[in-house]
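Encoded as structure tokens, the structure appears first; notes follow it.
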Amino acid sequence: MLRFIDARCMLGERCIIREGDPNTKEAILELMDRCHIEKAIVYHAMARESELPAGNMALIGETAGDDRFIRQWCALPSYFGEYMSAEDFFDAMKQHHVTSMRLLPKTCGYSLRPHSIGKLMDLAAQCHMPVFIDLGTELTTDESYDLCKMYPEVDLVFGNSGYRENRRLGPILEQCPNFYLGTGNYVAHCGIKLFCEYYGAERLIFDTGLPTGSATAAVSLIGYAEISDEEKALIAHGNIERLLGEVRL
Amino acid sequence: MRFFDASCRLGRPAAFGEGMPWQTDEILEIMARCHIDGALAYHIVAREGETQDGNELLLREIAQIPQLQPQWCALPATYDEFLHADALRDAMKENGVRTLRIAPKSFAHSARPYAMKELMGFAAECRVPVFFDYGEAPCDELYEICHDYPDVSFVITNTAYALNRWLGPVLDACGNLYLGTGNYVPHRGLETFCKYYAADRLVFNTNLPTGSATAAVSLVCFADISKEEKELIAHGNIERLLGEVRL
Amino acid sequence: MRFIDARCQLGRRCVIRENEPVTKAEILELMDRCRIERAVAYHAIAKEGDVKAGNMELLKDTEGDSRFLRQWVALPHTFGEFMSVEELLKGMKENSVSSIRMFPKTHGYSLKPYALGKFMDAMAEHKIPVFMTYNELASEDALYAMLTDYPKVNFIISDVSYREERKLFPILEHCPNFHIGTGNYVVHGGVKTMCEYFGAERMIFDTGLPTGSAAAAVSLICFAEISEEEKTLIASGNLERMLSEVEL
Amino acid sequence: MDFRELVYGQKPFEGVFVFDVHGHIGFEQGSQLGPNDGESMVHTMDRMGVDGICVSFSPGIRGAWKRGNDQTKDTCKRLPGRVFGYAVPNPFHAECDLTPYFEEDLGFRGVKIHGNIQGETPENDPRYAHAFELANRLKLPVLFHAWMPYEVDRAADVASRYPDLNVIIGHGGLTFARDRAVAACKRYDNVFCDTAISSAPDGSIEWLVDKVGVEKVLYGSDMSFFDCIHTLGKLALAKLSDTDKEKILGLNAKKIFDL
């Protein structure tokens, strides 16, 4: 039986919700059970949408003693003394067993260039910590090439790719070994099979994008893909376990 | 405390709200009301299209007004439509012009070296401070322009409030960036700036007539910083920059 | 004076407005009326639909027709979608296709060397000119980056509009491989100024048929305040020289 | 009182009642502004002689509505008599109910509507009706974020349907929507404007007073996003009579806020 680890899930109360969506932790856990998703890397809705500092701390409270959730913090380069320095941020992540971080350049309005987030990314490279960022909402696919080239030592996991980016993704995958793609809504016809054929299953990371993405669709995308069981296992949990296993905080 | 306005605008705007003080005498009245002794002024005609004609019109309009010093708008000499470096130097020297204002987005030209090398080379060589509104080179473009021309002192104006996360890294990386305080209004904005980056990179300006001079002077007067820092911001820094100009 | 049009689209396009020419016959009638001898042609389906199918349709539509010089639309070969560079060159040779047109924005790919390095090296090696419209590029800085990333490739950029002079001037100054399609180059005195500052060699006559106006394009050159030699170079000389240099 | 002397003497606005009708506390997600907790806001208010302010907790508007209002409640409790609260409704959570915040004096004095950052919900959307009925019943002021002309019109529409509440058009009096704000102020008695804006030319407050009458203009500064200094300075140095300045600075607010 294929077991999954979800690399992109959001917990916590949100402003904009729709009736019927899995808006609570319980609803998300029920969906995870239903889809055999063993664990999920989670970040907090407040950290992404309204109040980054409080959101990161709320995540600790809401996942205390719950081994189904792997904690992820949203990062913010600190200038004018706004938030923790990069060093303090990594110390706090170590203290709270946070094993990955997420970048929000568009939502929080900061530059991805080394003069802005250089310290954060150097520390991520030192700790072998994977860094997560969404295509489309936070940066374009073209910009993801620049990001990979600016920080070659950092494993970068790009979620929310959608199905129209293959002509841009191809060359980036060829040139950037540290580019990993979330499979959540990578729903181009035979997309997973073609990807494995051309660029190998090691670069695909299963994710759902809960609560706004569909977990059932995401697991089916992998379950029914015309690829070998070993490849399915790598995508479903193997690759993310390797990435997280390398983290040395 | 004496104020010197590092950047305000003269001339009739195409569109303006009733009550906006665009007439030169209205601007002078506000300056007097706000204890602003002098100002660097550029002309709207130069800023909105006819650059060289607007610059000359400015000279005629402020000839009899000692408080106002000319600030010229400038752009690359595409098809010789603007002065080349040498001619610009002579004209500025002759007319007492010591600062330039660029507007890459509004004037529809690139800010990268392949397009602005000659103009910025002149500004670097003669230590002429170059002004531009933040909207003309926002976010990463601000870093690029400061990084591409390290020897030119850039003063950004009309910044409003939403730029600190972009501004901080560039202030760290590039020593040639100065901030016009006109409507830089984050809560305790000047105090935080002075704490992390020092007052000698703040230059008082009003952005008249679109910006409010009364607000601008209040921001400095009531700032929770030392008197020396206020003096530097109010006129010290711009006087130093202008003193370094070698035409 | 002999005119050769460097930008003509054949084939049934998606959006057709009343009175616009559509069929090849209608386009030929306009070319005769404006004394345009021949035209470099690409197919509408290659732009709007399936690129490979469109390129094949072009071969059928121009079978045995000396009025049209064949031009293929190219794509990067990602996920095995298009043709490898070798297959493309072989196909061009067999079907006497002498130039390439690209739509980076419409077809959604990057122009940077990491994506098109190999492809552009082949264009440079075989001296194949690459045609593009200005709106397919993100900005003037993107155009400058492309021209400097591939200095040995001749680029013909058309439909540059009349507001871009200050952006194009420094690029023309720094990039000898940058040529402008004159079809919609309606800046007042634009052709004359360009000849004065950069020489007539930098301009290639084109019309943008069937949506562009052939009559306007021809008049722009005929009435330009430049010498007859310069007019001839623009009308056909430059293009003929460029196409004669292609080595397939 | 020589207001001009205040500015150049760098003296706080003592001897005049100053009440800020447009305040924010809490983290600003989209850009870094300044210190945004209640205490640092009151520190600046002490320096400037501002007696009181009515605030909403911004992350609660674009995030968890209950946490937001609770944060405002806690701040009002910690700083009684200086910081008052706007309760903020949420159009997506059916269980949202603001009445508990008004059952006893927890410092709440009004309701804040900020539709454009709550999924572009129209300001007069029926899902906000429960908040308008509450405000109408308790005769509360309702502050609208109204930057665009259509937002000002929607605020006016609420004023027309709920005559007992007072609508404050936030920002609208000084932006390019100012003509709509003037029309609304003239048409309805229960519509007012505030002076909260980061950048408006000198002469704009004088223009607004001239068009709608000084009784309709309330001092607001968007503090602690922005510093209140520049709006206070703009008012102090404006070409208005001292009595007009005193009305705008706080006397007008006293009439519609239960202070």
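Every number in this text was worked out from the coordinates using simple rules, so none of it is lab data. Since the model is a prediction, treat every value here as computed from it, not as a measurement. Note: ideal-geometry Cβ built from the backbone for every residue, glycine included; neighbour counts use all protein chains shown.
Sorted on the mean count of surrounding Cβ atoms within 10 Å across their residues, most packed first, peptides B:181-193, D:109-121, C:184-196 read B:181-193, D:109-121, C:184-196. Each 10 Å bin from 0 upward holds the following percent of the Cα-Cα pairs of the range C:1-101: 15, 46, 29, 9, 1.
Which whole-number percent gives the relative contact order of chain C, counting Cα pairs below 8 Å spaced six or more residues apart? Here the relative contact order equals 21 percent. On the beta carbon distance between residue A:149 and residue D:243, with R0 = 51 Å, the FRET formula returns roughly 0.20.
What number comes out for the charge environment of residue C:113, summing +1 per Lys or Arg and -1 per Asp or Glu over other residues with Cβ under 14 Å away?
Summing Lys and Arg as +1 and Asp and Glu as -1 gives -1.
Using Cβ point charges alone (K and R +1, D and E -1), the dipole size of the range B:56-107 about the Cα centre works out to roughly 280 debye. Placing a label point 7 Å from the Cα of residue D:70 along the Cα-to-Cβ line, the residues of the range A:1-24 whose backbone N sits under 16 Å from it are A:12-15. The mean count of C-beta atoms from other chains within 10 Å of the C-beta of residues in C:110-116, rounded to a whole number, is 5.
With the convex hull constructed from alpha-carbon coordinates only, the range C:120-248 shows a mean projected area of 7.7 nm² over all directions. Calculated on the Cα set of chain A, radius of gyration then Dmax: 17.0, 52 Å.
All alpha carbon pair distances within the range D:102-197 were sorted into 10 Å bins beginning at 0; the resulting P(r) in whole percents reads 18, 52, 26, 3.
Here the convex hull built on the C-alpha positions of chain B has a volume of 116 cubic angstrom per residue.
Taking the square roots of 5 times each eigenvalue of the Cα gyration tensor of the range C:83-190, largest first, gives ellipsoid semi-axes of 25, 15, 13 Å. With K and R counted +1 and D and E -1, the other residues having a Cβ less than 11 Å from that of residue B:40 yield a net charge of +2.
Spin-label pair residue B:198-residue B:226: with each label point 7 Å from Cα along the Cα-Cβ axis, the two points sit 1.2 nm from one another. Taken about its Cα centre, the range B:94-159 carries a charge dipole of roughly 140 debye when the Cβ of each Lys and Arg holds +1 and the Cβ of each Asp and Glu holds -1.
Residues whose amide H lies under 5 Å from that of residue B:155, counting only those 5 or more places away or on a different chain, are B:130, B:131, B:132, B:178; hydrogens are built 1.01 Å from N in the peptide plane.
The mean number of Cβ atoms from other chains found within 10 Å of a Cβ in peptide B:207-214 is 6, as a whole number. Each peptide in B:237-247, D:28-38, A:156-166 was scored by the mean count of other Cβ atoms within 10 Å over its residues; highest first, the order is D:28-38, A:156-166, B:237-247. Maximal additional length on extending the residue C:87-residue C:247 stretch stands at 56.1 nm, based on 0.36 nm per residue less the C-alpha distance.
Annotation: amide H-H contacts under 5 Å for residue A:40 (H modelled 1.01 Å from N, sequence separation of 5 or more, or interchain): A:6, A:69, A:70.
Value of Rg to Rh for chain C, rounded to two decimals, is 0.93; Kirkwood radius and Rg both from alpha-carbon coordinates. Using a cutoff of 8 angstrom between alpha carbon atoms and counting only pairs six or more residues apart, the relative contact order for the range A:4-245 works out to 20 percent. Where only DSSP H runs of four or more residues are counted, the protein assembly as shown gives -11000 deg cm²/dmol as its mean residue ellipticity at 222 nm, each run worth -39500 (n - 2.57). In sequence order, the range A:38-54 has phi-based couplings of 5, 9, 9, 7, 10, 10, 9, 4, 5, 5, 8, 9, 9, 8, 3, x, 5 Hz under the Karplus curve 6.51 cos²θ - 1.76 cosθ + 1.60, θ = phi - 60°, and Gly or Pro positions carry x.
Neighbours of residue C:14 by Cβ distance under 12 Å: Lys/Arg scored +1, Asp/Glu scored -1, total +3.
Amide H to amide H distances under 5 Å link residue B:10 with B:42, B:43, B:44, where only residues 5 or more positions off or on other chains count and H is placed in the peptide plane. Evaluated at q = 0.14, 0.23 Å⁻¹, the base-10 log of the normalised Debye intensity for the range B:48-132, with identical point scatterers placed on the Cα atoms, takes the values -0.45, -1.23. Calculate the all-directions average of the projected area of the range A:87-185's alpha-carbon convex hull, and give it in nm². Mean orientational projected area (the range A:87-185, Cα hull): 6.3 nm².
For the charge dipole of the range A:4-245, defined by +1 on Lys and Arg C-beta atoms and -1 on Asp and Glu C-beta atoms about the Cα centroid, which residue among A:41, A:4, A:169 has the Cα displaced farthest towards the positive pole? It is A:169, whose Cα lies furthest towards the positive end. With coordinates expressed along the principal axes, the C-alpha atoms belonging to the range C:183-248 extend over 39, 30, 17 Å, beginning with the largest. Mean partner shielding of peptide B:155-168, defined as the number of other chain Cβ atoms within 10 Å of each residue Cβ, is 5. Taking the centroid of alpha carbons for each part, the range A:202-249 and the range C:186-248 are 56 Å apart.
The alpha carbons of the range A:117-249 occupy a box of 41, 30, 29 Å along the principal axes, longest dimension given first. For chain A, the tally of Lys pairs with Cα-Cα distances below 23 Å comes to 8, considering only residues 8 or more apart or on different chains. Take the Cβ atoms of residue B:2 and residue D:206, set R0 to 35 Å, and the FRET efficiency comes out at 0.85. With the highest mean first, a sort of the peptides C:117-124, B:40-47 on other beta-carbon atoms found within 10 angstrom per residue produces B:40-47, C:117-124.
Per residue, the convex hull spanned by the alpha carbons of the protein assembly as shown comes to 183 Å³.
Residue-wise HN-Hα couplings along the range C:63-77, as the Karplus relation 6.51 cos²θ - 1.76 cosθ + 1.60 with θ = phi - 60° gives them from phi, are 4, x, 10, 6, 6, 10, 9, 6, 9, 9, 9, 10, 9, x, 8 Hz; Gly and Pro carry x. Here chain A is assigned +1 on the Cβ of each Lys and Arg and -1 on the Cβ of each Asp and Glu. Its dipole about the Cα centre then comes out at about 260 debye. At q = 0.15 Å⁻¹, what is the base-10 log of I(q)/I(0) for the range D:117-259 according to the Debye formula with one equal point scatterer per Cα and no solvent? Please give it to two decimals. Values, matching the q order: -0.70. For the pair residue C:227 and residue C:122, a Förster radius of 35 Å applied to the C-beta separation gives a FRET efficiency near 0.40, rounded to the nearest 0.05. In terms of distances greater than 29 angstrom between alpha carbons, the cross-link table entries C:24/C:192; C:47/C:127; D:66/D:234 yield C:24/C:192; D:66/D:234. Across the options B:213, B:171, B:181, the greatest Cα extent toward the positive end of the charge dipole of the range B:167-242 (unit charges at beta carbon of Lys, Arg, Asp, Glu) belongs to B:213. Each label was represented as a point 7 Å from its Cα along the Cα-to-Cβ direction; for residue C:25 and residue C:186 these points are 3.1 nm apart. All C-alpha to C-alpha distances of chain D, sorted into 5 Å bins beginning at zero, yield P(r) values of 1, 7, 15, 19, 21, 17, 12, 6, 2, 0, 0 percent in whole numbers.
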